[in-house]
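J.: Have a look at the structure that comes next, please.
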Amino acid sequence: MTNDPQADRGRELRDADIVQMLDALARVERDEAEQAARRADAPGMHLVGPTIERAARASDRRRTWRWSMSLVALAALVVLIARPVLEDPEATPIGAPSGEYLGEARFGIEAPAETAALWDSIAWQGPAGARYTVRVRSATGTLLLERDVGGERRIELEAQTTTTWPETIEIEVEMIAADGARSIDSRRSERAR
Amino acid sequence: MIGALTADVPRPSTEDRSSKGRGAPQLHQADLELAHAAHRSGGAERVRLVERLRCVPRFIAVLNERQGRPFDDTSLEDLVQETLGEIWRRLPSYAGRASLETWAHRFCQLVVLDRLRAKRRRDPNVPIESAPEPAAPAATTLDFDHVYRALERLDPRAAAVVRRRHFDHWEFDRIARELELTEGNARSVYHRALARLREILEPLRKEARL
């Protein structure tokens, strides 16, 4: 700006009150520093180290906590981003848990027995909601009966029909479950003599 | 207490951010490195920092005496811990524009004043004097604390020039060398700083006269 001492003097006069205040403030600060240097016995001198250490430990804990939370957030973000990439769009969907232990009926023929005096009915166990088809064949494979019974789990047989059947028959029950899965159970039964 | 205080304590972090890239002076580089190293890790730096901060109880004791000893020794110990906690919390924002002791001194002033005001609210008979000596005419109407606050609002380079000129009694040629300015520029920065201080202080002065 200028090196003119006259001009500086003029400005300093104009700002004399500010200058005086700054000088006074500086004097107070200097006096306090000089007095402080003589106060080796000031209360709390022994607390400086422990207080700083305590504050440092607290801030370290906060830093560790923030760091851990950042890691967790980062891991969650990675999973979120990677999931659509890693997921196979062709993968077979996994159905809900199922089975007899979850209350669903076991599938299997119950009657007639392997040796029966009378073939008056065919009965089986199986889950509700499934569809069943019953087939009866001779031992040589000739189809004697085929009946789609819907959700029924028992059919009655007429004596006039069964009396014409050979001594040994193959009973087959096909189940189509609600999800489309197919199962077959079969049993050989002989007429008791 | 600290919560109420934080609004008063200087905000070097904000000033630091605004001053970066403008060639802001960092006059106490060694103190700056010590402060940041001690805050990042323990060890020798922290031991040295503790040594430097032994000025805190001394400053607080002196300030208490200047105020007519409103606090007993137990309260002073509380004040020391409070001030050190605040200093530690703000240490990352220390910019090295003043020595660590000067920076700590300002915290001591603010904590003592803050606690004194709280004490006064409870008991109006407790005197409150932030300007211990009515040395300057301006100080009769204006709190010294206001001047400190005004200095903190100056541009870092301007504040450094004012501080060197008045607090360290340096000549302009020395200030210019340290801040890498021409002597004319140093004078110019100084006079603009005084004008800016007047702008900041004038409304406060009017308020104080009322």
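J.: What percent do you get for the relative contact order of segment A:100-176 when only Cα pairs under 8 Å and 6+ apart count?
T.: Dividing the mean separation by the residue count of segment A:100-176 yields 32 percent.
J.: A follow-up question, please. Could you please state, rounded to a whole Å, how far the C-alpha centre of segment A:17-84 is from the C-alpha centre of segment A:176-193?
T.: The two parts, judged by their Cα centres, are 81 Å apart.
J.: May I pose another question? Cβ under 10 Å from A:A26's Cβ, A:A26 left aside: what net charge do those residues give with Lys, Arg +1 and Asp, Glu -1?
T.: Combined, the nearby Lys, Arg, Asp and Glu give 0.
J.: Hey, another quick one. Restricting things to Cα coordinates, could you compute the convex hull volume per residue of segment B:145-210 in Å³?
T.: Looking at segment B:145-210, the number lands at 74 Å³ per residue.
J.: Oh, and also: If you rank B:I60, A:I155 by fewest surrounding Cβ atoms within 10 Å, what's the result?
T.: In order of increasing Cβ crowding within 10 Å: A:I155, B:I60.
J.: Could you work out the mean count of beta carbons from other protein chains within 10 Å of each residue's beta carbon in B:177-190?
T.: 2
J.: Quick one: order A:E152, B:E152 by neighbouring beta-carbon count within 10 Å, fewest to most.
T.: Ranked by crowding around the Cβ, least crowded first: A:E152, B:E152.
J.: Right, next: How high is the relative contact order of segment B:147-210, given as a whole-number percent (alpha carbon pairs under 8 Å, six or more residues apart)?
T.: Relative contact order, segment B:147-210: 36 percent.
J.: Could you please report the charge total around B:L179, scoring K, R as +1 and D, E as -1 over all other residues with beta-carbon less than 10 angstrom from its beta-carbon?
T.: +2
J.: Also: Work through the residues other than B:L76 whose Cβ is under 12 Å from its Cβ and net out their charges, Lys, Arg +1 and Asp, Glu -1.
T.: -3
Every number in this text was worked out from the coordinates using simple rules, so none of it is lab data. The model shown is predicted, which means the values in this text are computed figures rather than measured ones. Cβ coordinates were reconstructed from backbone atoms using ideal geometry, including for glycine residues, and neighbour counts include every protein chain displayed.
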